[in-house]
Amino acid sequence: MILSIESSCDDSSIAITDSQTLELVYHKKISQELQHSVYGGVVPELAARLHIEALPKILEECEEYFPKLKAIAVTNAPGLSVTLMEGVTMAKALAISLNLPLIAVNHLKGHIYSLFIEKQEIMPITILLVSGGHTQIIEANSLTDMKIIASTIDDSFGESFDKVSKMMGLGYPGGPVVQEYGLKGDENKIELPVPLRQSPEIMFSYSGLKNAVRMKIEKLENSETGLSEQDKYDVCASFQKTAVAHIMQKTKKLFKQKAPKNFAIVGGASANIYLRTQIEELCNTHKTKLFLSELKYCSDNAAMIGRVAVEQYKNKDFISIDEIDVQTRIKACS
Ligand code: KG4
Ligand code: ZN
């Protein structure tokens, strides 16, 4: 069995995976969303302090499995350095005290392998990864043969939902609340520009759309009636429609060029129903097989890290305790 730890952002999570049957024997996650919500985004130092409290509490529940463990796995990149460090420190301590090999797992590969929790992997597969930190399209032939074929040049898809939510004081994370508000709004009420519409390139950009939304909100705030609840619903619906239209325009281009056999959406923002529905339609049209992670495994969790670790364990892809280091992404989660 492999014990895996995830602490790259604001979720403290530990899992135990049977490396032979792939069974997820134990899995727990303590989310910090509530504590960060008042700040409208993740505060790294607060997140690190909360991991220090949560991780040992979860670990206590795993002690009965210690004699069966074959390796300790931990997310070491990308993420917030101060929070990654908490998981890595715990993993090192466990590896030393239980005399087990250490496996360093890339968080983004974890999101991809969230598709294969308790399942055999499907390769080759083209993946749309939409999270708080990333918006990418990846072509994967195996765990060790993956190529990023499109990325965002500024903000990410999930991050833009967080920012729009923050602008209207709707709390963090923004994705679920913006989706919820959008249900009550008119998606055609507020006209917004679809990013990079004229560009032939397959790449993403969300900062222009975010600023356009900011200007619309400011205009509504300065109007005679101010920003009403209905205005917020309309802003959310119109923004979501445009944000998804951008992804769909680029993904359609990709389908035309490459006609992928297998396609998947992963990452926290892959929970977005509006996006899921449109990707489903696109895949149906192209007779592409669509794979989705279970909703509970879309956001950050240690089960997906454990699933990657099973493959790395088979390949004896271990790292020494002195060598393991954390690597941050350019931006924080917020
Ligand atoms: O993968 P994840 O848990 O953390 C990162 O690795 O970033 O993704 C979190 C992101 C947040 O930005 C959150 O607002 C977004 O996923 N998200 C959504 C939805 N649910 C979560 N974005 C759009 N629609 C949703 N339903
Ligand atoms: Zn993530």
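The values are calculated or read from the model by the stated rules, or taken from the named source; none is laboratory data. Note that the coordinates shown come from a computational prediction; the quantities given were computed from them, not determined experimentally. Here Cβ is always computed from backbone atoms with ideal geometry, including for glycine, and neighbour counts include all displayed protein chains. With ligands, DNA and RNA removed, areas are computed over all heavy atoms of the protein, side chains included. Shrake-Rupley method; radii C 1.70, N 1.55, O 1.52, S 1.80 Å.
General observations
- Kyte-Doolittle at least -1.0, axis length at least 24 Å by Cα - qualifying DSSP helices, the chain: 44-61, 81-98, 229-258
- Restricting attention to the chain, close to 60% of DSSP beta bridges with both partner residues there are antiparallel.
- Straight-line cross-link partners of Lys256 among the lysines, defined as a Cα under 17 Å from its Cα and at least 8 positions apart when in the same chain: Lys287, Lys289.
- Ranking of Tyr39, Tyr26, Tyr206 by solvent-accessible surface, largest first: Tyr39, Tyr26, Tyr206 (1.4 Å probe, protein heavy atoms only, all chains present).
- With all protein chains kept in place, the per residue accessible area of the chain amounts to 44 square angstrom at a probe of 1.4 angstrom.
- DSSP-defined antiparallel bridges as percent of all bridges, region 1-102, nearest 5: 70 percent
- Mean residue ellipticity (222 nm) of the chain, computed from DSSP H runs ≥ 4 via -39,500 (n - 2.57), nearest 500: -13500 deg cm²/dmol
- Lysines whose Cα lies under 22 Å from that of Lys216, excluding same-chain neighbours fewer than 8 positions away: Lys163, Lys166, Lys184, Lys189, Lys232, Lys241
- Protection proxy ranking, highest mean first, for peptides 268-281, 129-142: 129-142, 268-281, where packing is the per-residue count of other beta-carbon atoms within 10 Å, averaged.
- Reachable lysines, given that their alpha-carbon falls under 16 Å from the alpha-carbon of Lys296 and they are not under 8 places away in the same chain: Lys28, Lys29, Lys119
- Highest mean packing first, where packing is the average number of other Cβ atoms within 10 Å per residue, the peptides 58-68, 107-117 line up as 107-117, 58-68.
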